[in-house]
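The values are calculated or read from the model by the stated rules, or taken from the named source; none is laboratory data. No experiment lies behind these values; they were computed from the predicted model shown. Counting neighbours? That spans all protein chains shown, and the Cβs are built from the backbone with ideal geometry, glycine included.
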Amino acid sequence: MSDTKVMHKRQLVDEVARRSGPWGLTRRQVRDALHGILDVITDEMAEDNAVTIAGFGRFEAKEHKGRRVVGLDGEEYEVESRLVPSFHPYASLRQKVQGKVDERLTPRPPGKVPLRWSDDPHS
């Protein structure tokens with residue numbers, strides 16, 4: 001695990017923009033979309049709602065119940081209950097990470113390209 005590489009947000013944005021292929025998304029468009037997605041997930045979790053992304057996982061806030069703890073000084077303290085963020089990966093994501101191919105997470109070969117956002121009359 002010590003050789004694990006870390007992809008930061010800027011690198012993630014660059015990679016998504018590079019992979020956008022026929023859609024030709026700019027880094028700015030990808031960054032704005034990512035910020036929007038993260039904002040929605042965060043807001044929903046703050047309101048104690050879960051967000052599910054099919055084939056990926058579920059984001060939710062879990063309650064850690066309050067409890068009494070004894071500090072190093074021997075004093076007893078009350079720890080209040082609080083919500084903490086939680087992520088549950090779905091089986092398809094776990095299989096992909098384990099090196100097993102799952103078609104739900106594998107990009108489809110190029111074919112018919114959907115409308116670009118700029119061409120969509122409803123956007």
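Could we say that residue 61 is assigned to a helix (DSSP H, G or I), surrounded by 10 or more Cβ atoms within 10 Å (Cβ to Cβ) and at pLDDT 90 or above here? Here the answer is no, as residue 61 does not meet what is asked. For the stretch 14-41: of the residues being under 13 Å from the mean Cα position of the chain (by Cα) and surrounded by 14 or more Cβ atoms within 10 Å (Cβ to Cβ), which is nearest to residue 60 (Cα to Cα)? Here the answer is 41.
Contact map, the stretch 19-47: first residue in contact (Cβ under 8 Å) with a residue 24 or more places away in the chain, second residue surrounded by fewer than 12 Cβ atoms within 10 Å (Cβ to Cβ) and not basic (Lys, Arg), Cβ cut-off under 6 Å, separation 6 or more or different chains; pairs are 22/113.
Residue 85 passes all but one of (1) assigned to a strand (DSSP E or B); (2) modelled with pLDDT under 90; which number fails? The single condition residue 85 does not satisfy is (2). If the condition is being in contact with a Ser or Thr (Cβ under 8 Å, 6 or more places away or on another chain) and charged (D, E, K, R), then the stretch 42-95 contributes 58, 60, 62, 63, 65.
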